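Working notes, beginning with the structure itself.
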Amino acid sequence: MATLELDRLTKSFGDGFVALDSLSLSLASGEFLALVGPSGCGKSTALRLVAGLETASSGEVRLAGKPLTGVAPRDRDMSMVFQNYALYPQMTVFQNIEFPLKLRKMPKDKRVAEVHRVAELLQLMTQLEKKPAQLSGGQRQRVAMGRALIRQPQLSLMDEPLSNLDAQLRVQMRGDIRALQREFRTTTVYVTHDQTEAMTMGDRVAVLRDGRLQQMGSPEEVFGRPKNLFVARFIGSPSMNLVYGQLEQSGEENSLRIGSQSIKLITQPGNQSGRLRSHAGRRVVVGIRPHYLKDPIVTPVPNGEVIQGVVRLRESLGTETVLHIAVDAERFGGKTSSESEEVTLANETRLIACVDPASRAQEGETVRLAMEPSRLHVFDAETEESLL
Ligand SMILES: Nc1ncnc2c1ncn2[C@@H]1O[C@H](COP(=O)(O)OP(=O)(O)O)[C@@H](O)[C@H]1O
Ligand SMILES: [Mg+2]
(Lines give C-alpha, C1' and ligand atoms only; values in the text may rest on other atoms or scores of the structure.)
(Ligands and ions follow the chains in the order given, each with its own letter.)
Protein backbone atom coordinates (compact mmCIF):
# COMPACT_ATOMS: atom_id res chain seq x y z
CA MET A 1 0.00 0.00 0.00
CA ALA A 2 1.08 3.52 -0.75
CA THR A 3 -0.25 7.02 -1.30
CA LEU A 4 -1.20 7.99 -4.83
CA GLU A 5 -1.28 11.49 -6.28
CA LEU A 6 -2.53 12.62 -9.64
CA ASP A 7 -1.22 16.11 -10.28
CA ARG A 8 -2.96 18.08 -13.06
CA LEU A 9 -2.96 14.97 -15.19
CA THR A 10 -3.96 15.82 -18.76
CA LYS A 11 -4.32 13.71 -21.88
CA SER A 12 -5.19 14.95 -25.32
CA PHE A 13 -5.26 12.66 -28.32
CA GLY A 14 -3.91 13.29 -31.81
CA ASP A 15 -6.76 15.44 -33.06
CA GLY A 16 -6.49 17.73 -30.03
CA PHE A 17 -9.41 16.08 -28.24
CA VAL A 18 -8.89 16.46 -24.48
CA ALA A 19 -9.93 13.18 -22.84
CA LEU A 20 -8.63 14.13 -19.41
CA ASP A 21 -8.35 17.72 -18.30
CA SER A 22 -6.03 18.55 -15.43
CA LEU A 23 -7.17 15.84 -13.05
CA SER A 24 -5.78 16.33 -9.55
CA LEU A 25 -6.58 14.05 -6.65
CA SER A 26 -4.81 12.12 -3.94
CA LEU A 27 -5.44 8.86 -2.15
CA ALA A 28 -4.32 7.99 1.33
CA SER A 29 -2.47 4.74 1.82
CA GLY A 30 -4.96 1.86 1.83
CA GLU A 31 -7.79 4.01 0.52
CA PHE A 32 -10.38 2.74 -1.98
CA LEU A 33 -11.41 5.41 -4.49
CA ALA A 34 -14.35 4.88 -6.82
CA LEU A 35 -13.87 6.92 -9.99
CA VAL A 36 -17.30 7.26 -11.59
CA GLY A 37 -18.83 9.01 -14.58
CA PRO A 38 -20.77 8.33 -17.76
CA SER A 39 -19.28 6.41 -20.65
CA GLY A 40 -16.59 8.38 -22.48
CA CYS A 41 -15.80 10.79 -19.62
CA GLY A 42 -12.15 9.68 -19.41
CA LYS A 43 -12.14 7.05 -16.65
CA SER A 44 -10.16 4.41 -18.54
CA THR A 45 -7.81 7.07 -19.86
CA ALA A 46 -7.07 8.16 -16.28
CA LEU A 47 -6.40 4.58 -15.20
CA ARG A 48 -4.21 3.85 -18.22
CA LEU A 49 -2.14 6.95 -17.47
CA VAL A 50 -1.63 5.77 -13.89
CA ALA A 51 -0.64 2.31 -15.13
CA GLY A 52 1.76 3.80 -17.66
CA LEU A 53 -0.05 2.26 -20.64
CA GLU A 54 -0.61 5.75 -21.98
CA THR A 55 1.69 8.80 -21.77
CA ALA A 56 0.33 11.99 -20.23
CA SER A 57 0.29 15.18 -22.29
CA SER A 58 1.10 17.02 -19.08
CA GLY A 59 0.95 16.56 -15.34
CA GLU A 60 2.30 13.66 -13.33
CA VAL A 61 1.46 10.63 -11.23
CA ARG A 62 3.23 10.01 -7.92
CA LEU A 63 3.16 6.72 -6.07
CA ALA A 64 4.40 6.81 -2.47
CA GLY A 65 5.62 10.32 -3.26
CA LYS A 66 7.77 9.25 -6.24
CA PRO A 67 6.99 10.59 -9.73
CA LEU A 68 6.30 7.77 -12.19
CA THR A 69 7.09 9.68 -15.35
CA GLY A 70 9.36 7.50 -17.47
CA VAL A 71 8.82 4.39 -15.33
CA ALA A 72 7.75 1.40 -17.45
CA PRO A 73 4.38 -0.22 -16.61
CA ARG A 74 5.99 -3.46 -15.39
CA ASP A 75 8.16 -1.51 -12.96
CA ARG A 76 5.24 0.35 -11.38
CA ASP A 77 4.26 -2.30 -8.82
CA MET A 78 0.57 -2.13 -9.71
CA SER A 79 -2.01 -4.71 -10.63
CA MET A 80 -4.78 -4.08 -13.08
CA VAL A 81 -8.08 -5.89 -13.57
CA PHE A 82 -10.22 -5.14 -16.61
CA GLN A 83 -13.72 -6.01 -17.69
CA ASN A 84 -12.24 -8.63 -19.99
CA TYR A 85 -9.89 -10.45 -17.71
CA ALA A 86 -7.62 -13.13 -19.04
CA LEU A 87 -6.79 -16.28 -17.12
CA TYR A 88 -4.34 -18.92 -18.23
CA PRO A 89 -6.69 -21.56 -19.69
CA GLN A 90 -4.33 -24.50 -19.30
CA MET A 91 -3.67 -23.77 -15.60
CA THR A 92 -5.92 -24.71 -12.69
CA VAL A 93 -7.48 -22.07 -10.45
CA PHE A 94 -4.78 -22.77 -7.89
CA GLN A 95 -2.00 -22.27 -10.45
CA ASN A 96 -3.59 -19.12 -11.83
CA ILE A 97 -3.71 -17.48 -8.41
CA GLU A 98 -0.28 -18.82 -7.49
CA PHE A 99 1.39 -17.57 -10.66
CA PRO A 100 2.48 -14.07 -9.50
CA LEU A 101 4.02 -15.58 -6.38
CA LYS A 102 5.96 -18.08 -8.46
CA LEU A 103 7.31 -15.23 -10.59
CA ARG A 104 8.52 -13.73 -7.34
CA LYS A 105 10.18 -16.98 -6.37
CA MET A 106 8.28 -17.30 -3.11
CA PRO A 107 8.92 -20.69 -1.42
CA LYS A 108 6.33 -23.39 -2.16
CA ASP A 109 4.86 -23.79 1.37
CA LYS A 110 4.36 -20.03 1.67
CA ARG A 111 2.73 -19.93 -1.77
CA VAL A 112 0.25 -22.62 -0.80
CA ALA A 113 -0.66 -20.79 2.40
CA GLU A 114 -1.19 -17.51 0.52
CA VAL A 115 -3.31 -19.08 -2.23
CA HIS A 116 -5.47 -20.76 0.40
CA ARG A 117 -5.92 -17.49 2.27
CA VAL A 118 -7.10 -15.70 -0.88
CA ALA A 119 -9.21 -18.65 -2.06
CA GLU A 120 -10.92 -18.77 1.32
CA LEU A 121 -11.81 -15.08 1.11
CA LEU A 122 -13.11 -15.45 -2.43
CA GLN A 123 -14.97 -18.69 -1.74
CA LEU A 124 -12.88 -20.58 -4.26
CA MET A 125 -11.61 -23.35 -1.98
CA THR A 126 -13.71 -26.01 -3.69
CA GLN A 127 -12.71 -24.82 -7.16
CA LEU A 128 -8.94 -24.89 -6.86
CA GLU A 129 -8.37 -27.91 -9.10
CA LYS A 130 -10.70 -26.75 -11.88
CA LYS A 131 -9.63 -25.09 -15.11
CA PRO A 132 -11.08 -21.65 -16.00
CA ALA A 133 -13.35 -23.18 -18.68
CA GLN A 134 -15.15 -25.14 -15.94
CA LEU A 135 -16.00 -21.99 -13.95
CA SER A 136 -18.90 -19.55 -14.10
CA GLY A 137 -18.24 -15.95 -15.14
CA GLY A 138 -18.34 -14.79 -11.54
CA GLN A 139 -15.88 -17.43 -10.41
CA ARG A 140 -13.50 -16.55 -13.23
CA GLN A 141 -13.66 -12.91 -12.22
CA ARG A 142 -12.85 -13.86 -8.65
CA VAL A 143 -9.81 -15.80 -9.77
CA ALA A 144 -8.64 -12.75 -11.74
CA MET A 145 -9.18 -10.62 -8.64
CA GLY A 146 -7.30 -13.07 -6.45
CA ARG A 147 -4.41 -13.20 -8.89
CA ALA A 148 -4.22 -9.41 -9.03
CA LEU A 149 -4.22 -8.91 -5.28
CA ILE A 150 -2.21 -11.89 -4.02
CA ARG A 151 1.11 -10.31 -4.82
CA GLN A 152 0.09 -7.29 -2.75
CA PRO A 153 1.04 -4.55 -5.16
CA GLN A 154 1.39 -0.98 -3.94
CA LEU A 155 -1.59 -0.01 -6.04
CA SER A 156 -4.54 -1.89 -7.46
CA LEU A 157 -6.37 -0.58 -10.53
CA MET A 158 -9.73 -1.95 -11.60
CA ASP A 159 -11.58 -0.88 -14.72
CA GLU A 160 -15.26 -1.87 -14.63
CA PRO A 161 -14.37 -5.41 -13.55
CA LEU A 162 -17.98 -6.41 -12.86
CA SER A 163 -19.65 -5.17 -16.06
CA ASN A 164 -19.90 -8.64 -17.57
CA LEU A 165 -21.67 -10.18 -14.58
CA ASP A 166 -25.38 -10.42 -13.92
CA ALA A 167 -26.96 -8.09 -11.36
CA GLN A 168 -27.06 -10.50 -8.45
CA LEU A 169 -23.47 -11.57 -8.86
CA ARG A 170 -22.37 -7.95 -9.14
CA VAL A 171 -23.84 -7.20 -5.73
CA GLN A 172 -22.05 -10.16 -4.18
CA MET A 173 -18.74 -9.34 -5.88
CA ARG A 174 -18.91 -5.74 -4.65
CA GLY A 175 -18.74 -7.06 -1.12
CA ASP A 176 -16.07 -9.62 -1.94
CA ILE A 177 -13.78 -7.09 -3.57
CA ARG A 178 -14.06 -4.76 -0.59
CA ALA A 179 -13.39 -7.63 1.83
CA LEU A 180 -10.29 -8.61 -0.10
CA GLN A 181 -9.11 -5.01 -0.34
CA ARG A 182 -9.59 -4.48 3.42
CA GLU A 183 -7.65 -7.64 4.14
CA PHE A 184 -4.66 -6.56 2.03
CA ARG A 185 -5.13 -2.80 2.58
CA THR A 186 -4.13 -2.19 -1.02
CA THR A 187 -4.59 1.38 -2.22
CA THR A 188 -7.19 1.03 -4.97
CA VAL A 189 -8.66 3.03 -7.84
CA TYR A 190 -11.88 1.40 -8.98
CA VAL A 191 -13.47 2.69 -12.18
CA THR A 192 -17.18 2.29 -12.87
CA HIS A 193 -20.02 4.04 -14.70
CA ASP A 194 -22.47 2.67 -12.12
CA GLN A 195 -23.16 5.16 -9.34
CA THR A 196 -24.56 2.48 -7.01
CA GLU A 197 -21.34 0.52 -7.33
CA ALA A 198 -19.30 3.65 -6.68
CA MET A 199 -21.38 4.65 -3.66
CA THR A 200 -21.42 1.22 -2.04
CA MET A 201 -17.74 0.47 -2.59
CA GLY A 202 -15.79 3.70 -2.34
CA ASP A 203 -14.24 5.17 0.80
CA ARG A 204 -14.47 8.23 -1.38
CA VAL A 205 -16.12 8.82 -4.73
CA ALA A 206 -14.71 11.02 -7.52
CA VAL A 207 -17.22 12.12 -10.16
CA LEU A 208 -15.79 12.77 -13.62
CA ARG A 209 -17.52 14.49 -16.53
CA ASP A 210 -15.98 15.27 -19.92
CA GLY A 211 -12.50 14.67 -18.52
CA ARG A 212 -13.00 17.06 -15.60
CA LEU A 213 -13.33 16.26 -11.93
CA GLN A 214 -16.69 17.53 -10.67
CA GLN A 215 -16.47 16.57 -7.03
CA MET A 216 -14.62 14.18 -4.78
CA GLY A 217 -15.78 13.20 -1.33
CA SER A 218 -17.30 10.52 0.85
CA PRO A 219 -20.45 8.85 -0.51
CA GLU A 220 -22.43 10.88 2.05
CA GLU A 221 -20.89 14.14 0.80
CA VAL A 222 -21.49 13.64 -2.90
CA PHE A 223 -25.04 12.48 -2.15
CA GLY A 224 -25.90 15.05 0.51
CA ARG A 225 -24.00 18.09 -0.76
CA PRO A 226 -23.59 17.83 -4.52
CA LYS A 227 -21.57 20.77 -5.80
CA ASN A 228 -23.42 21.10 -9.07
CA LEU A 229 -26.40 19.85 -11.03
CA PHE A 230 -24.40 17.19 -12.80
CA VAL A 231 -23.37 15.49 -9.55
CA ALA A 232 -26.84 16.06 -8.10
CA ARG A 233 -28.54 14.07 -10.81
CA PHE A 234 -25.79 11.54 -11.48
CA ILE A 235 -25.58 10.34 -7.87
CA GLY A 236 -28.67 8.79 -6.27
CA SER A 237 -31.44 6.57 -7.55
CA PRO A 238 -34.08 7.47 -8.49
CA SER A 239 -32.51 10.72 -9.64
CA MET A 240 -33.04 13.98 -7.78
CA ASN A 241 -36.23 15.87 -8.71
CA LEU A 242 -35.29 19.19 -10.31
CA VAL A 243 -37.60 22.10 -11.12
CA TYR A 244 -37.18 25.79 -11.76
CA GLY A 245 -38.11 28.16 -8.98
CA GLN A 246 -37.65 31.72 -7.91
CA LEU A 247 -35.69 32.66 -4.85
CA GLU A 248 -37.50 35.18 -2.70
CA GLN A 249 -36.17 36.99 0.29
CA SER A 250 -37.83 38.96 3.05
CA GLY A 251 -35.55 39.97 5.86
CA GLU A 252 -33.59 36.94 6.97
CA GLU A 253 -36.06 34.51 5.45
CA ASN A 254 -35.55 32.75 2.17
CA SER A 255 -38.33 31.06 0.32
CA LEU A 256 -38.72 29.37 -3.01
CA ARG A 257 -41.60 30.05 -5.34
CA ILE A 258 -42.35 26.98 -7.40
CA GLY A 259 -45.22 27.59 -9.83
CA SER A 260 -48.12 28.81 -7.70
CA GLN A 261 -46.68 27.41 -4.48
CA SER A 262 -44.12 28.70 -2.04
CA ILE A 263 -41.87 26.80 0.33
CA LYS A 264 -39.57 28.04 3.03
CA LEU A 265 -35.88 27.48 2.70
CA ILE A 266 -33.78 27.01 5.81
CA THR A 267 -30.05 27.47 5.46
CA GLN A 268 -27.53 26.43 8.04
CA PRO A 269 -25.84 29.38 9.74
CA GLY A 270 -22.56 30.17 8.01
CA ASN A 271 -23.70 28.29 4.94
CA GLN A 272 -22.55 30.69 2.23
CA SER A 273 -25.84 32.53 2.49
CA GLY A 274 -24.15 35.36 0.62
CA ARG A 275 -24.45 33.38 -2.57
CA LEU A 276 -28.14 32.86 -1.95
CA ARG A 277 -28.60 36.55 -1.19
CA SER A 278 -27.08 37.58 -4.50
CA HIS A 279 -29.65 35.38 -6.18
CA ALA A 280 -32.68 36.94 -4.51
CA GLY A 281 -35.46 37.42 -7.06
CA ARG A 282 -33.67 35.23 -9.58
CA ARG A 283 -34.53 32.02 -11.30
CA VAL A 284 -32.86 29.03 -9.69
CA VAL A 285 -33.07 25.25 -9.96
CA VAL A 286 -34.58 23.54 -6.92
CA GLY A 287 -33.78 19.93 -6.08
CA ILE A 288 -35.33 17.39 -3.74
CA ARG A 289 -34.56 13.68 -3.62
CA PRO A 290 -37.46 11.24 -4.10
CA HIS A 291 -36.94 9.60 -0.70
CA TYR A 292 -37.22 12.94 1.10
CA LEU A 293 -40.73 13.57 -0.23
CA LYS A 294 -43.10 12.00 2.31
CA ASP A 295 -46.79 11.32 2.51
CA PRO A 296 -47.42 13.24 5.76
CA ILE A 297 -50.52 11.18 6.58
CA VAL A 298 -48.34 8.12 7.22
CA THR A 299 -44.99 9.84 7.81
CA PRO A 300 -45.47 13.13 9.65
CA VAL A 301 -42.75 15.69 9.03
CA PRO A 302 -42.67 18.16 11.94
CA ASN A 303 -42.08 21.69 10.63
CA GLY A 304 -42.14 20.25 7.15
CA GLU A 305 -42.89 22.23 4.04
CA VAL A 306 -45.57 21.04 1.68
CA ILE A 307 -45.93 20.79 -2.08
CA GLN A 308 -49.15 19.74 -3.74
CA GLY A 309 -49.78 17.74 -6.87
CA VAL A 310 -51.86 15.09 -8.59
CA VAL A 311 -50.90 11.42 -8.45
CA ARG A 312 -50.48 10.21 -12.04
CA LEU A 313 -48.95 6.84 -11.29
CA ARG A 314 -48.57 4.67 -8.22
CA GLU A 315 -46.03 1.84 -8.23
CA SER A 316 -45.91 -0.56 -5.29
CA LEU A 317 -42.46 -2.02 -4.80
CA GLY A 318 -43.25 -3.70 -1.50
CA THR A 319 -40.70 -1.94 0.66
CA GLU A 320 -41.79 1.43 -0.68
CA THR A 321 -44.32 2.98 -3.01
CA VAL A 322 -43.25 5.22 -5.85
CA LEU A 323 -45.63 8.06 -6.67
CA HIS A 324 -45.38 10.10 -9.85
CA ILE A 325 -46.87 13.46 -9.01
CA ALA A 326 -47.82 16.13 -11.53
CA VAL A 327 -47.02 19.55 -10.07
CA ASP A 328 -47.46 23.11 -11.18
CA ALA A 329 -43.82 23.89 -11.89
CA GLU A 330 -41.41 24.34 -14.73
CA ARG A 331 -39.32 21.26 -15.26
CA PHE A 332 -35.55 21.61 -15.38
CA GLY A 333 -34.59 19.77 -18.56
CA GLY A 334 -30.86 19.76 -18.82
CA LYS A 335 -29.16 17.27 -21.05
CA THR A 336 -27.14 15.26 -18.63
CA SER A 337 -29.62 13.00 -16.90
CA SER A 338 -30.30 9.48 -18.08
CA GLU A 339 -33.45 9.39 -16.01
CA SER A 340 -34.95 12.68 -17.14
CA GLU A 341 -36.91 10.74 -19.77
CA GLU A 342 -39.20 9.55 -17.06
CA VAL A 343 -40.09 13.07 -16.05
CA THR A 344 -40.52 14.32 -19.61
CA LEU A 345 -42.80 11.57 -20.89
CA ALA A 346 -45.91 13.62 -20.36
CA ASN A 347 -46.00 17.28 -21.20
CA GLU A 348 -46.16 18.21 -17.56
CA THR A 349 -43.74 18.37 -14.68
CA ARG A 350 -43.66 15.34 -12.46
CA LEU A 351 -41.97 14.71 -9.17
CA ILE A 352 -41.02 11.22 -8.08
CA ALA A 353 -41.73 10.45 -4.42
CA CYS A 354 -40.67 7.22 -2.73
CA VAL A 355 -43.10 7.01 0.16
CA ASP A 356 -44.04 4.55 2.87
CA PRO A 357 -46.08 1.65 1.42
CA ALA A 358 -48.81 2.46 3.97
CA SER A 359 -49.58 5.57 1.90
CA ARG A 360 -53.09 5.45 0.46
CA ALA A 361 -52.44 8.07 -2.19
CA GLN A 362 -54.38 6.94 -5.25
CA GLU A 363 -53.96 7.72 -8.93
CA GLY A 364 -55.96 10.82 -9.87
CA GLU A 365 -56.00 12.12 -6.33
CA THR A 366 -54.57 15.49 -5.29
CA VAL A 367 -52.02 14.95 -2.52
CA ARG A 368 -49.74 17.01 -0.35
CA LEU A 369 -46.16 15.87 -0.03
CA ALA A 370 -44.07 16.97 2.91
CA MET A 371 -40.35 17.58 3.12
CA GLU A 372 -37.84 18.91 5.57
CA PRO A 373 -36.63 22.27 4.22
CA SER A 374 -33.04 21.27 5.05
CA ARG A 375 -33.32 18.56 2.39
CA LEU A 376 -33.75 21.06 -0.42
CA HIS A 377 -30.99 21.88 -2.88
CA VAL A 378 -30.71 25.16 -4.79
CA PHE A 379 -28.56 25.67 -7.89
CA ASP A 380 -27.69 28.62 -10.08
CA ALA A 381 -29.70 28.12 -13.28
CA GLU A 382 -26.81 29.29 -15.49
CA THR A 383 -23.61 28.02 -13.89
CA GLU A 384 -25.41 24.96 -12.46
CA GLU A 385 -23.35 25.35 -9.26
CA SER A 386 -24.92 24.74 -5.85
CA LEU A 387 -25.88 27.92 -3.97
CA LEU A 388 -25.93 26.24 -0.55
N1 LIG B 1 -6.55 6.33 -28.35
C2 LIG B 1 -7.51 7.24 -28.43
N3 LIG B 1 -7.55 8.13 -29.46
C4 LIG B 1 -8.51 9.08 -29.55
N5 LIG B 1 -9.49 9.23 -28.64
C6 LIG B 1 -9.52 8.37 -27.59
C7 LIG B 1 -8.54 7.35 -27.44
N8 LIG B 1 -8.82 6.69 -26.27
C9 LIG B 1 -9.92 7.26 -25.76
N10 LIG B 1 -10.34 8.29 -26.55
C11 LIG B 1 -11.49 9.15 -26.29
O12 LIG B 1 -11.36 9.72 -25.01
C13 LIG B 1 -12.59 9.79 -24.35
C14 LIG B 1 -12.51 9.09 -23.02
O15 LIG B 1 -12.36 7.71 -23.24
P16 LIG B 1 -12.28 6.68 -22.04
O17 LIG B 1 -11.24 7.12 -21.09
O18 LIG B 1 -12.16 5.33 -22.62
O19 LIG B 1 -13.73 6.87 -21.37
P20 LIG B 1 -14.48 5.99 -20.27
O21 LIG B 1 -13.55 4.93 -19.81
O22 LIG B 1 -14.86 6.97 -19.20
O23 LIG B 1 -15.69 5.44 -20.95
C24 LIG B 1 -13.62 9.19 -25.29
O25 LIG B 1 -14.30 10.21 -25.96
C26 LIG B 1 -12.78 8.35 -26.23
O27 LIG B 1 -13.39 8.25 -27.49
MG1 LIG C 1 -13.71 2.82 -19.88
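Filter the chain for me: DSSP H helices, axial length by Cα at least 15 angstrom, mean Kyte-Doolittle hydropathy not below -0.5. List them by residue number.
Qualifying helices, which must be both long enough and hydrophobic enough, are 93-103, 137-150.
From the backbone phi of the stretch 215-220, what are the Karplus-calculated ³J(HN,Hα) couplings (6.51 cos²θ - 1.76 cosθ + 1.60, θ = phi - 60°) in whole Hz, Gly and Pro given as x?
Per residue, the Karplus-derived 3J(HN,Hα) values read 6, 9, x, 5, x, 5 Hz.
Which value, in debye to the nearest 20, describes the size of the charge dipole of the stretch 241-380 about its Cα centre when Lys and Arg Cβ atoms bear +1, Asp and Glu Cβ atoms bear -1, and nothing else is charged?
340
Okay, helix-only estimate at 222 nm for the chain: each DSSP H run of n ≥ 4 adds -39500 (n - 2.57), divide by all residues, round to 500 deg cm²/dmol; what do you get?
The helix-only estimate for the chain comes to -7000 deg cm²/dmol at 222 nm.
Could you report the chain's accessible area per residue, 1.4 Å probe, as an integer in Å²?
Accessible surface, normalised per residue, equals 46 Å².
Determine, for each peptide in 363-370, 49-56, 286-293, the mean count of other beta carbons within 10 angstrom over its residues, then list the peptides with the highest first.
Descending mean neighbour count gives 286-293, 49-56, 363-370.
What relative contact order, as a whole-number percentage, does the stretch 241-380 give when Cα pairs under 8 Å and 6 or more residues apart are counted?
Once normalised by length, the contact order is 33 percent.
Under a point spin-label approximation (7 Å from Cα along Cα-to-Cβ), what is the residue 385-residue 326 distance to one decimal in nm?
Going from the residue 385 label point to the residue 326 one covers 3.8 nm.
What residues have an amide H closer than 5 Å to that of residue 35, excluding those fewer than 5 places away on the same chain, when H is modeled at 1.01 Å from N in the peptide plane?
190, 191, 192, 206
From Cα pairs below 8 angstrom and at least 6 apart in sequence, can you work out the relative contact order of the chain, rounded to a whole percent?
16
Of 172, 95, 139, which has the largest mean-square fluctuation in a 10 Å C-alpha GNM of the chain?
172
Count of lysine pairs in the chain with Cα atoms under 28 Å apart, counting only pairs 8 or more residues apart in sequence or on different chains?
Eligible lysine pairs with Cα atoms under 28 Å apart amount to 23.
Taking the Cα centre as origin and putting +1 on Lys and Arg beta-carbons and -1 on Asp and Glu beta-carbons, what dipole magnitude results for the chain, to the nearest 20 debye?
Using only the charged Cβ atoms, the result is roughly 1420 debye.
Using the charge dipole of the chain (Lys, Arg: +1 at Cβ; Asp, Glu: -1 at Cβ; taken about the Cα centre), state which of 226, 84, 376 has its Cα farthest towards the positive end.
Highest projection toward the positive end goes to 84.
Using a Förster distance of 45 Å, how high is the FRET efficiency between residue 172 and residue 58, based on the Cβ-Cβ distance and rounded to 0.05?
Efficiency at R0 = 45 Å is approximately 0.65.
Using a 1.4 angstrom probe and counting only protein chains, how large is the accessible area of residue 80 in Å², to 10?
That residue has around 50 Å² of solvent-accessible surface.
Run the numbers for residue 91 and residue 299: contour at 0.36 nm per residue of separation, minus the present Cα-Cα distance, in nm.
69.1 nm
Using a 1.4 Å probe, how large is the accessible area of residue 352, given in Å² and rounded to the nearest 10?
So the heavy atoms of residue 352 present about 10 Å² to solvent.
Toward the positive end of the charge dipole of the chain, about the Cα centre and with charges on Cβ (Lys, Arg +1; Asp, Glu -1), which of 201, 153, 243 goes farthest?
153
When the solvent-accessible surface of protein heavy atoms is calculated with a 1.4 angstrom probe, in what order do 1, 106 fall, highest first?
Of 1, 106, the descending order of accessible area is 1, 106.
On a full-extension model of 0.36 nm per residue, what is the gain between residue 66 and residue 312, subtracting their alpha-carbon distance, rounded to one decimal in nm?
The residue 66-residue 312 span can extend by a further 82.7 nm.
Who wins for biggest fluctuation among 197, 114, 252 in a Gaussian network model of the chain, springs between alpha carbons below 10 Å?
Per the Cα network of the chain with a 10 Å cutoff, 252 tops the list.
Could you please state how large a percent of the accessible area of the stretch 241-380 is carbon and sulfur, counting protein chains only and using a 1.4 Å probe?
Using a 1.4 Å probe with all protein chains present, the stretch 241-380 comes out at 45 percent carbon and sulfur.
Which residues among the stretch 275-305 fall inside the zone where the amide N is under 12 Å from a point 7 Å beyond the Cα of residue 365, along Cα→Cβ?
Those under the cut-off are 295-298.
The values are calculated or read from the model by the stated rules, or taken from the named source; none is laboratory data. Here the structure is a predicted model, which is why all the values come from computation and not from measurement. Virtual Cβ from ideal backbone geometry, glycine too; neighbours counted across all protein chains shown. We work out accessible area using only protein heavy atoms, side chains counted, and drop any ligands, DNA or RNA first. Shrake-Rupley method; radii C 1.70, N 1.55, O 1.52, S 1.80 Å.
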